[in-house]
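Below you'll find the structure, written out as structure tokens, and then a few comments.
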Amino acid sequence: MSVLLKKPLFDGISQQELAEQLEAKKKCKYKLPTWFNTPLIYYPNKLNIEQTSSEETAQYKSDLVDGKTLLDLTGGLGVDTYFFSKKVDSVFHCEINQNLSEIAHHNFEVLGQKNISCIPKDGLDFLTKTDKNFDWLFVDPSRRNDKIGKVFLFKDCLPNLPEHLHLLFQKSKNILVKASPLLDIKQGIEELNFVKEIHVVAIQNEVKELLFVLNKDYDGPIVIKTMNQVHDQKMTFNFRLEDEATVSVGFNEPKKYLYEPNSAILKSGGFKSVADTFGLKKLHQHSHLYTSDVLIDFPGRKFSISRTLAYSKKALKEFTHKKANITTRNFPVSVAEIRKKHQIKDGGDTYLFFTKTASDTLTVLECEKLD
């Protein structure tokens, strides 16, 4: 029977509130296991949980900061704040929504984290009026704009970060900014100042966060760091943005092995850098698939190429009504159209890559996935 249809079980708690708590807790089972497994945690509404960082990404961010003080200007539920507090002596959590601020404060106490101060105010307003300076500032601008809906450019988010950077740098030399995974990295760099590092964080091969590390007066090369966590394994690849523009890369027809970079690398734009670092050839300037005659360890998927076929209905006839995993890269036909046109079902152990090769030929690579 639904909780809503039962008689009240606890004094002062409606069945609707109880139902909301149970539903919100269920959403935290995998995303926020520390909260889920801790008794007496109070949960905010589902939207707050959907918008918050996962524990995996919050842990990653906490490894980027250190020092004695940190201010989280856009605290929300406080997942990032909680993990920051394990690396920084004193952490301040600003949240303009007083109810959410109270929930975060309650949960920090339940979790036994005593070095967090909750401030139920707008973070920028607090920063303007305080006489404190901080070792780090963290800001995760809201990407829901009342006027234009869901946004991802910094200037359209709340707070408008480019407009307030001067204030932020008056209070700290180090700023960590969380951005939408949809944000174009070069666009983000243009909107900000003193960008030192950009981190592309993926979980289970899905990009979850872009993180910009700003260091006051920094004018050195920007380093892009990618991380893809699959279960307990972390695949990393780093490169300097200026090197990506100048490094030369060779192109070749498919050899014995095929490599597909993970989603963090693809988002980073380090297409030439990854080829140069691992000594690989690209299939085509815009295909972002790589090949070699010798198998190497690679931060992405690896395949053995069984056959290389020129794309045609005749070439794909043997796959009709059979199963195959299909990927397209720099190809004029979508996966859905290929499946429909050639009647290829999804699944099985065969992997088909539809792409364009160095000779500008539309090509199908029949592959076997390697562990």
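General remarks:
- With an a/c value of 1.5 or above and a/b not larger than b/c for the gyration tensor axes a ≥ b ≥ c computed over the alpha-carbon atoms, the chain is described as oblate.
- Between Lys314 and Gln98, the contour length at 0.36 nm per residue exceeds the alpha carbon distance by 71.2 nm.
- Distance between modelled label sites at Asp156 and Lys341, nm, 7 Å Cα→Cβ extension: 3.3 nm
- Charge tally around Leu127: other residues with Cβ under 13 Å, Lys/Arg +1 each, Asp/Glu -1 each, net 0.
- Mean residue ellipticity at 222 nm, helices only, the chain: -8000 deg cm²/dmol; runs of at least 4 DSSP H residues each add -39,500 (n - 2.57), and the sum is divided by the number of residues.
- Applying D = kT/(6 pi eta Rh) to segment 245-370, where Rh is the Kirkwood radius over alpha-carbon pairs, T corresponds to 4 °C and eta to 1.567 mPa s, the Stokes-Einstein value obtained is 88 µm²/s.
- Dipole magnitude for the chain: computed about the Cα centre from +1 point charges on Lys and Arg Cβ and -1 point charges on Asp and Glu Cβ, it is near 1440 debye.
- Unsatisfied cross-links (Cα-Cα over 21 Å) in the set Lys267/Lys313; Lys132/Lys216; Lys302/Lys356: Lys267/Lys313
- Gyration tensor verdict on segment 71-129 (Cα atoms; rounded if a/c is under 1.5, prolate if a/b is larger than b/c, oblate otherwise): oblate
- If R0 equals 45 Å, the separation of the Cβ atoms of Glu206 and Lys173 corresponds to a calculated FRET efficiency of about 0.85.
- Filtered trypsin sites (Lys or Arg not before Pro), segment 38-101: DSSP coil and at most 15 other beta carbons within 10 Å: Lys68, Lys86
- The chymotrypsin sites (Phe, Trp or Tyr not before Pro) of segment 247-336 include none that meets both conditions, a loop assignment by DSSP and at most 13 other Cβ atoms within 10 Å of the site Cβ.
- Volume in Å³ per residue [convex hull over Cα atoms, computed for segment 20-220]: 121 Å³
- Based on Cα contacts under 8 Å between residues 6+ apart, segment 82-222 shows a relative contact order of 17 percent.
- Between Asp371 and Ile189, the simple spin-label model (points 7 angstrom out along Cα→Cβ) gives 4.0 nm.
- Charge sum, other residues only, whose C-beta stays under 15 Å from Leu182's C-beta, Lys/Arg counted +1 and Asp/Glu -1: +2
- Three-way shape label, segment 108-168, alpha-carbon gyration tensor, a/c 1.5: oblate
- Among the chymotrypsin sites (Phe, Trp or Tyr not before Pro) within segment 41-112, those in coil by DSSP and having at most 15 neighbouring Cβ atoms inside 10 Å are Tyr42.
- The DSSP beta bridges internal to the chain are antiparallel in roughly 65% of cases.
No lab work stands behind these numbers, since they all come straight from the coordinates. All of these numbers come straight from a predicted model, not from anything done at the bench. Positions of Cβ are generated from backbone atoms using ideal geometry, with glycine treated the same way; all protein chains shown enter the neighbour counts.
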